[in-house]
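Scroll down for the structure; my scribbles are underneath it.
The values are calculated or read from the model by the stated rules, or taken from the named source; none is laboratory data. Remember, predicted model here, so these are calculated numbers, not experimental data. Heads up, the Cβs are rebuilt from the backbone with ideal geometry, glycines too, and the neighbour counts pull from every protein chain shown. These accessible areas exclude ligands, DNA and RNA; they are computed on the full protein's heavy atoms, side chains included. Shrake-Rupley method; radii C 1.70, N 1.55, O 1.52, S 1.80 Å.
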Amino acid sequence: MITVKDLNKSFGDLHVLKNIHMDVERGEVVVVIGPSGSGKTTLLRSLNILETPEEGEITIGEQRMDFSKPLKKKQIVEFRKQTGMVFQNHNLFPHFTALENVMEGPVTVQKISKAKARERAKDILTKVGLGEKLDAYPHQLSGGQQQRVGIARALATGVEVILFDEPTSALDPELVGDVLDVMKELAEEGMTMVVVTHEMSFAEEVADRVIFMDQGKVVEEGTPEQIFQQTKEPRTQQFLNRIR
Ligand code: ADP
């Protein structure tokens, strides 16, 4: 579903992604972990071309982006349509209700009729446990509920891949569980997911594969068991010791 080859990205003199390779199968849940500043978010944002790497290739589905060539705007727009993104701070429109937030993508990007988009948005919000909050505005929702609207919004356009950028790290601890439960459900339904998170228990329980990054490189990848219990990599060990 996703192939990343030789990806390099710098911010000025700072080389943030160094020859990244990554493959994600259809239906796979890949969790990216690593110390702060190791490039996890930049990698995730590159998958949605919110950052533009200087070198390398990303293929998602049938579409390939070769960053050594100039990219056309239309090509980027089409590429982005394949993935939904869930941010740390949900990025909801404050003056739209939950329902309107979820309808927005299908209506403006996919040009679906409002009636159809409304029906679909209702279904998706019900699925993430917010069937009673369709007409609530973001400020009337808890952080966890807002984040679930964010997930519903990412799902609304029928994408095959969802990218999660620390979706629970801005939440109060008691609200984290509900968001992780929705993510688990999506994983069980076969959604392809790439998740940057500090929730190691989620990684251990839900990930098919864990990628450990440090200083812009993929240091190690493997099953949760291989990474969390059997790693021989000193840098992985050191990271895990620090957070456990
Ligand atoms: P992580 O998600 O692992 O914490 P990031 O991908 O957010 O790491 O950041 C990697 C490095 O790139 C950090 O040193 C960060 O300060 C830097 N960085 C991230 N975004 C920008 C930006 N827009 N401009 C300059 N430096 C950035």
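For the reader, a short list of remarks on this structure follows.
- Dipole moment magnitude, nearest 20 debye, the chain about Cα centre, only Lys, Arg, Asp, Glu C-beta charged: 900 debye
- Remark: region 74-168 carries a charge dipole of roughly 320 debye about the Cα centre, counting +1 on each Lys and Arg Cβ and -1 on each Asp and Glu Cβ.
- For region 66-126, trypsin sites (Lys or Arg not before Pro) are listed when DSSP marks them as loop and at most 10 other Cβ atoms sit within 10 Å of their Cβ; the list is 72, 111.
- Equivalent ellipsoid, the chain (semi-axes from 5 times Cα gyration tensor eigenvalues, Å): 30, 23, 15
- Sorted from longest to shortest, the spans of the Cα atoms of region 1-104 along the three principal axes equal 42, 32, 31 Å.
- Of the solvent-accessible surface of region 81-137, computed with a 1.4 Å probe and all protein chains present, 52% belongs to carbon and sulfur.
- Averaged over residues, the count of other Cβ atoms within 10 Å places the peptides 99-105, 179-185, 65-71 in the sequence 99-105, 179-185, 65-71, highest first.
- For residue 213, residues with placed amide H under 5 Å, excluding near neighbours: 33, 34, 219
- Over region 39-79, equivalent-ellipsoid semi-axes from the Cα gyration tensor in Å: 16, 11, 10
- Calculated over region 54-132, the projected area of the Cα convex hull averaged across directions stands at 7.2 nm².
- Kirkwood hydrodynamic radius of region 118-244, from the reciprocal of the average inverse Cα-Cα distance over all distinct pairs: 16.0 Å.
- Nearby aspartates and glutamates by direct alpha-carbon distance to residue 217 (threshold 13 angstrom, same-chain neighbours under 8 apart not counted): 6
- Considering only 27, 17, 38, and ranking their Cα positions along the charge dipole of the chain that arises from unit charges at the beta-carbon of Lys, Arg, Asp and Glu, the one farthest toward the positive end is 17.
- Cβ-placed point charges (K, R +1; D, E -1), dipole of region 5-78 about Cα centre in debye, nearest 20: 240 debye
- Folded to 0 to 90 degrees: helix 98-108 orientation relative to the chain principal axis, Cα: 80 degrees
- Contour excess over end-to-end distance, with Cα ends at residue 108 and residue 77 and 0.36 nm allotted per residue: 9.9 nm
- C-alpha center-to-center spacing [region 116-163, region 24-60] in angstrom: 24 Å
- Dipole orientation for the chain: of the candidates 224, 176, 52, 52 has the Cα lying most toward the positive pole (charges on Cβ; Lys, Arg +1; Asp, Glu -1).
- Positive-end residue of 147, 65, 161, charge dipole of the chain with Cβ unit charges: 65
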